[in-house]
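Asks: After the structure tokens below, expect a handful of questions from me.
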Amino acid sequence: MSLLEAFLLGLIQGLTEFFPVSSSAHLALFKLILGIQDTETQVILSLFCHLGTLLAVMIFLKQDILTTLRRDHKKAFLLFLAIIPLIPCYLLVKPFKDWVFNPNFLGFGLMFTGVILLIGHFWRLKTPLESSFKKRTHDALYIGSLQSIALIPGVSRSASTICCARVLGWETSDAVRFSFLLSIPTIIGGNCLELLQIAIHDTAKDFCLMACIVGFITSCLVGLLVIRFAFSILEKGNFKPFAWYCLILGFCTAIYLNY
């Protein structure tokens, strides 16, 4: 694990995390192209890169987080509901982890992300002008269920949640902000589970702390530069460029990895 690899992984994570194109897929592709083995030490480095962009989104949404925790208890409850479907889905996927996380399926996951983005761009259900809190609770569970699909490599978490909310009739700005807020407990929980498993198996004794720090700082700084730009683009609701990007990249990835 070199410092250059850590810097490049942090750079890729920071550039892609806040767009609906699956940052995890881009990290995996980078490793495959350069022949970097996805060992436990590399998993730890990837986790640090994700923590860097997590810090970036927490800084960017600092006021929203404080408002949600102090006053907007309804939104906090909706975020809690959206997390719930992840638990049974994670337990269902875990026994098939080796099969699901096969790199050969990475391209198909990206193409599926492209399809989700096209659906989110063109299809919206008719909803009342004033949505009730009861409807929002149902929506939160639907959004959380769609987020669970992102357990499959190549499927973008943000694409799934934002597009689901849009299809359900949410304003695009609300959908984007809710998705970004939802990413905070999701990433924290996912990283804690990964680190716990590594600690239990004690399989990463030789990881480089300096490389992890470089990846963390790089992803955080790049993420801070990108997130405001990404947010303004996503709020406009034009997901077609991201959809075509994922479809083309996914197709090329599937050909590259399977033939």
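The values are calculated or read from the model by the stated rules, or taken from the named source; none is laboratory data. Since the structure is predicted, the reported quantities are computational estimates derived from the model, not experimental observations. Backbone-built Cβ (ideal geometry, glycine too); neighbour counts: all protein chains shown. What goes into the accessible areas is simple: the full protein's heavy atoms, side chains included, and nothing from ligands, DNA or RNA. Shrake-Rupley method; radii C 1.70, N 1.55, O 1.52, S 1.80 Å.
Asks: Under 21 Å from I65 (Cβ atoms) and small (G, A, S): is that true of S145 in this structure? Please lay out each step first, then the result.
Replies: Working: under 21 Å from I65 (Cβ atoms): no; small (G, A, S): yes.
The answer is no for S145.
Asks: So G154 clears everything in (1) buried (at least 24 other Cβ atoms within 10 Å of the Cβ); (2) not in a loop (DSSP other than H, G, I, E, B) except one condition, right? Which one?
Replies: Of (1) buried (at least 24 other Cβ atoms within 10 Å of the Cβ); (2) not in a loop (DSSP other than H, G, I, E, B), only one is false for G154: (2).
Asks: I'm checking my understanding of the structure. Among residues of region 17-69 that are part of a loop (DSSP other than H, G, I, E, B) and farther than 22 Å from A230 by Cβ, which one is most open to solvent (accessible area, probe 1.4 Å)?
Replies: Checking each candidate, the answer is Q37.
Asks: Within the bounds of region 125-136, is there any residue that is outside any loop (DSSP other than H, G, I, E, B), surrounded by 14 or more Cβ atoms within 10 Å (Cβ to Cβ), of a type outside the set (S, T, N, Q) and free of Cβ contacts under 8 Å to residues at least 40 places away in the same chain?
Replies: Yes, the conditions are met somewhere in region 125-136.
Asks: Can you pull out the residues in region 219-259 that are aromatic (F, W, Y), within 19 Å of the chain's Cα centre (by Cα) and in a helix (DSSP H, G or I)?
Replies: Result: F229, F231, F242, W244, Y245.
Asks: Follow-up question, since we're still on this one. Against the condition assigned to a helix (DSSP H, G or I) and open to solvent by 60 Å² or more (accessible area, probe 1.4 Å), how does I119 come out, does it pass?
Replies: When the stated conditions are applied, I119 passes them.
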